[in-house]
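Trainee: Just passing along the structure, written as structure tokens.
What follows draws every value from the coordinates through simple rules; no lab data is involved. Predicted model only: the values in this text are computed from it and were never measured. No Cβ is skipped: glycine too gets one built from the backbone with ideal geometry, and neighbour counts run over all protein chains shown.
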């Protein structure tokens, strides 16, 4: 299940979906993946590269140009990841409401126990 944890991580999904469309640069990923810090983007890219899901290519220019490309294994994930993100978007409100109701009910239980 370690592999599933890696590819389903908060930042990994956005990066893999963005890279599935072709080579993508660091700054493009920074703009595309909302809320990710430069440090977290760097760490996640390294992990995905280590896992064989991204290929990093450095061009000998000044400043260096770096592109990330999804491997065939990562491109195979594109459909399921897209379906998962679409499902999450469709059910975001329902889940938020369920959490709110749960928190209210359990807050009452917690205060009654004290």
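Trainee: Just one of [x] 24, 15, 13; [y] 20, 16, 12; [z] 36, 16, 13 is semi-axes √(5λ) of the Cα gyration tensor in Å as worked out from the coordinates here. Which one is it?
Mentor: [z]
Trainee: Still on this structure, I have one more. Give the angle, between 0 and 90 degrees and rounded to the nearest 10, that separates the Cα long axis of helix 10-19 from the longest principal axis of the Cα atoms of the chain.
Mentor: In the chain, helix 10-19 runs at an angle near 40 degrees to the longest axis.
Trainee: Return one number: the angle in degrees, 0 to 90 and rounded to the nearest 10, between the long axis of the Cα atoms of helix 38-50 and the longest principal axis of the Cα atoms of the chain.
Mentor: Approximately 70 degrees, to the nearest 10.
Trainee: So what's the back-of-envelope 222 nm ellipticity for the chain, counting only DSSP H runs of four-plus at -39500 (n - 2.57) apiece and dividing by all residues, rounded to 500? If you can, show how the numbers build up before the last one.
Mentor: On the way: 5 runs with 78 residues, N = 114.
Rounded to the nearest 500, it is -22500 deg cm²/dmol.
Trainee: Between residue 93 and residue 32, how many nm apart are label points set 7 Å from Cα along the C-beta direction?
Mentor: 2.9
Trainee: If you average the sequence gap of Cα pairs under 8 Å that are 6 or more apart and divide by the length of the chain, what percent do you get for the contact order? Intermediate results must be reported in sequence, preceding the final value.
Mentor: Details: 85 pairs, mean separation 27.8, N = 114.
Value for the chain: 24 percent.
Trainee: Give the order of 15, 36, 95 when sorted by the count of other beta carbons within 10 angstrom, beginning with the fewest. It would help to have the intermediate numbers written out before the result.
Mentor: Working: 15 25, 36 19, 95 10.
Lowest count first: 95, 36, 15.
Trainee: Fewest to most neighbouring Cβ within 10 Å: what's the order for 68, 59?
Mentor: On the way: 68 23, 59 8.
With the sparsest Cβ surroundings first, the list reads 59, 68.
Trainee: If I model a spin label at residue 42 and residue 58 as a point 7 Å from the Cα along the Cα→Cβ vector, what separation in nanometres do I get?
Mentor: Label-label distance for residue 42 and residue 58, simple model: 1.3 nm.
Trainee: Give the order of 103, 51 when sorted by the count of other beta carbons within 10 angstrom, beginning with the fewest.
Mentor: Working: 103 10, 51 16.
Lowest count first: 103, 51.
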